[in-house]
Amino acid sequence: MKRLLLVFPVLLGLLVCCVAAWFVFVSAPPAPDEPRWVHIYPGTTLNAVADSLHAQDLLRPRLAFTLPAKATGWGSQIKAGCYEFEERAPAYRILHRLRAGEQTTVRMTIPAGSRPEFVARSAARHMFFQPEDFLEALKDSMLATSLGLDTRRLFSYMLPDTYHFYCTADARSVVSRIKQEMDALFASGLGKLGAQHGLDKDEVISLAGIVEWETRVDEEKARVAGVYLNRLRKRWPLQADPTIQYALIELEGGKRRLYYTDYKLRHPYNTYLYRGFPPGPITNPGYASLKAAADPESHSYMFFVASPEGGHAFNVTLRGHNRDAARLRVYLRGRNRAD
């Protein structure tokens, strides 16, 4: 009897250890029906991490995670980051992954032809930094200088695309990486195309930004770029409406319909008054606009205007241009009456 009394606690202890080991090293909740994400911010406590995992049905029970985390000291070594869980995993494996910082990258989409504040919101959507941090990085003169630019041009190098970053990356490293992607694009051949037309990288990006805002029809972008290049070669003003819009954004905070008086606006970006390219790019152009600006269509067109059928009507002569402009006005008046 005494022997049984001595053996029973030992057996009970072994049983408890086996059950605990089962929950820690073997047992796991059913595989999630869709990927589950857990975001661990810097300074998050062990209990808060366990709460997040439990809320996503990744722990059963919570003690299977918190007890070994405290016993091993790994709980204080959990790395901040974004973690995606697609398969069932025991608590020990989850703890090991968080301790090792085996993050999952998140998608970041940079939209084309946008404004800095909109791009900042898109960039920060799945990141730990805020939109304001991204905007501050774009205004950081030291960062711009280290990248071979100034703050007026840095935003235009935010090449529209979908990127993958760890969500813990800071805004400055993100801006640097995206700028390097633009450099790589030019190094891959875009720069040589522009040089063949007498344009350097900054001029290609500046022209591409105008094309980006001028037309959404990819098939006519190179033709639009060709019109502007023809004007430059003949030493005409660019007379680009998007540059007037940019000036109004700086002065009024947003786009609006252009009026006759706007074309007389005394602003350095008014390409109706000042010849050549504006002082800097007006937006971050997408690939189609960049390709069009680097390799414009060769033609004799000097004018273009929106067409009622969509896209633009192109003309060599001012007379033809005025005819198409009048046709557009008639169409717009008819549409306004119908509305």
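The values are calculated or read from the model by the stated rules, or taken from the named source; none is laboratory data. None of the values given here were measured: they were computed from a predicted structure. All Cβ positions, glycine included, derive from the backbone under ideal geometry; neighbour counts span all protein chains shown. Side chains included, ligands, DNA and RNA excluded: accessible areas come from the protein's heavy atoms. Shrake-Rupley method; radii C 1.70, N 1.55, O 1.52, S 1.80 Å.
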Checklist outcome for this item: Residues whose modelled amide H sits under 5 Å from the amide H of Ser114, counting only those 5 or more places away in sequence or on another chain, are Asn284
Checklist outcome for this item: Inter-part gap, Cα centre of segment 132-154 to Cα centre of segment 215-267, in whole angstrom, is 25 Å
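Fully extended, how many nm does the chain gain between Asp150 and Arg121 (0.36 nm per residue separation, minus their Cα-Cα distance)? Working shown, then result.
Numbers: separation 29, 0.36 × 29 = 10.44 nm, distance 2.21 nm.
That works out to 8.2 nm of additional length.
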Item to check | Entries of Lys192/Lys221; Lys179/Lys255; Lys234/Lys255; Lys139/Lys192; Lys139/Lys179; Lys139/Lys264 with Cα pairs more than 22 Å apart | outcome: Lys179/Lys255; Lys234/Lys255; Lys139/Lys192; Lys139/Lys264
Next on the checklist: Students often get this wrong: which residues of segment 285-326 have the backbone nitrogen under 19 Å from the point 7 angstrom along Cα-to-C-beta of Asp202?
Outcome noted: 285, 290, 293-294
Checklist outcome for this item: Expected vector for segment 320-330, Karplus 3J(HN,Hα) from phi with 6.51, -1.76, 1.60 and θ = phi - 60°, integer Hz, x for Gly and Pro, equals x, 5, 5, 5, 5, 5, 5, 4, 5, 5, 4
Checklist outcome for this item: Measuring from the longest principal axis of the C-alpha atoms of the chain, the long axis of helix 241-252 (C-alpha) lies at a number of degrees, nearest 10, equal to 60 degrees
Next on the checklist: Probe radius 1.4 Å, ligands and nucleic acids left out: which of Lys192, Lys179, Lys255 has the largest accessible area, and how do the rest follow?
Outcome noted: Lys192, Lys255, Lys179
Checklist entry - Counting only residues 5 or more places away or on other chains, whose amide H sits under 5 Å from the amide H of His312 once H atoms are built in the peptide plane? => result Ser307
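Sort 244-250, 152-158, 284-290 by packing, meaning the average of other beta carbons within 10 Å per residue, with the highest value first. Before the final figure, lay out each step's value.
Details: 244-250: 19.0, 152-158: 21.7, 284-290: 25.0.
Peptide ranking by packing, descending: 284-290, 152-158, 244-250.
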Checklist entry - In a shell of Cβ-Cβ distance under 13 Å around Val49, excluding Val49 itself, what net charge do Lys and Arg (+1) and Asp and Glu (-1) give? => result +4
Item to check | Set of aspartates and glutamates with alpha-carbon distance to Lys79 below 14 Å, sequence-local pairs under 8 removed | outcome: Glu102
Checklist entry - Once you put a point 7 Å from the Cα of Glu219 and another 7 Å from the Cα of Thr104, both along the Cβ direction, what distance in nm separates them? => result 4.1 nm
Checklist outcome for this item: Expected vector for segment 52-61, Karplus 3J(HN,Hα) from phi with 6.51, -1.76, 1.60 and θ = phi - 60°, integer Hz, x for Gly and Pro, equals 5, 5, 5, 5, 8, 6, 9, 10, 7, x
Checklist entry - Given H placed on each backbone N at 1.01 Å, which residues far from Thr109 in sequence or on other chains put an amide H within less than 5 Å of it? => result Tyr163
Checklist entry - Ignoring ligands and nucleic acids, what accessible area does Ser141 show with a 1.4 Å probe (Å², nearest 10)? => result 70 Å²
Item to check | Dimensions in Å of segment 166-264 - Rg and Dmax from alpha carbons | outcome: 16.6, 51
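Would you mind getting me the FRET efficiency between His39 and Arg62? Use the beta-carbon distance for r and R0 = 22 Å, nearest 0.05.
Working: r = 18 Å, r/R0 = 0.82.
Once the sixth-power term is evaluated, E becomes 0.75.
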Checklist entry - Under the Karplus relation 6.51 cos²θ - 1.76 cosθ + 1.60, θ = phi - 60°, what is the ordered set of whole-Hz ³J(HN,Hα) values for segment 309-314, x standing for Gly and Pro? => result 7, x, x, 10, 9, 10
Checklist outcome for this item: Largest-first ranking of His164, His321 by accessible area, probe 1.4 Å, whole protein assembly kept, is His164, His321
Next on the checklist: Quick check: pseudo-label points 7 Å beyond the Cα along Cα→Cβ at Leu258 and Ala325, how many nm apart are they?
Outcome noted: 1.0 nm
Item to check | Accessible area (Å², per residue) of the chain, counting only protein heavy atoms and a probe of 1.4 Å | outcome: 55 Å²
Checklist outcome for this item: The summed charge of the Gly226 Cβ neighbourhood (under 11 Å; Lys/Arg +1, Asp/Glu -1) stands at +1
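Counting only helical runs of four or more DSSP H residues, what would the 222 nm mean residue ellipticity of the chain come to if each run contributes -39,500 (n - 2.57) and the total is spread over all its residues?
Values: 15 runs with 169 residues, N = 339.
Roughly -15000 deg cm²/dmol at 222 nm, from the helical runs in the chain.
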Item to check | Area of Ser298 that stays accessible when all protein chains are in place (1.4 Å probe, Å², to 10) | outcome: 120 Å²
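Considering just Cα atoms, how many Å³ per residue does the convex hull of segment 42-139 enclose? Intermediate values should be presented prior to the final figure.
Values: hull volume 10.9 nm³, N = 98.
So the per-residue hull volume is 111 Å³.
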Next on the checklist: As a test of the definition: which semi-axes, in Å, follow for the chain when you take the square root of five times each eigenvalue of its alpha carbon gyration tensor? Largest first, please.
Outcome noted: 61, 20, 17
Item to check | Estimated FRET transfer efficiency (Arg97, Ala184; beta-carbon r; R0 30 Å; 0.05) | outcome: 0.40
Checklist outcome for this item: Using a 1.4 Å probe on heavy atoms of the protein chains only, the accessible area for Val106 in Å², nearest 10, reads 10 Å²
Item to check | Angle in degrees between helix 2-21 and the longest Cα principal axis of the chain, rounded to the nearest 10 | outcome: 10 degrees
Next on the checklist: What does the charge count around Leu147 come to, taking other residues whose C-beta lies under 11 Å from its C-beta (Lys +1, Arg +1, Asp -1, Glu -1)?
Outcome noted: +1
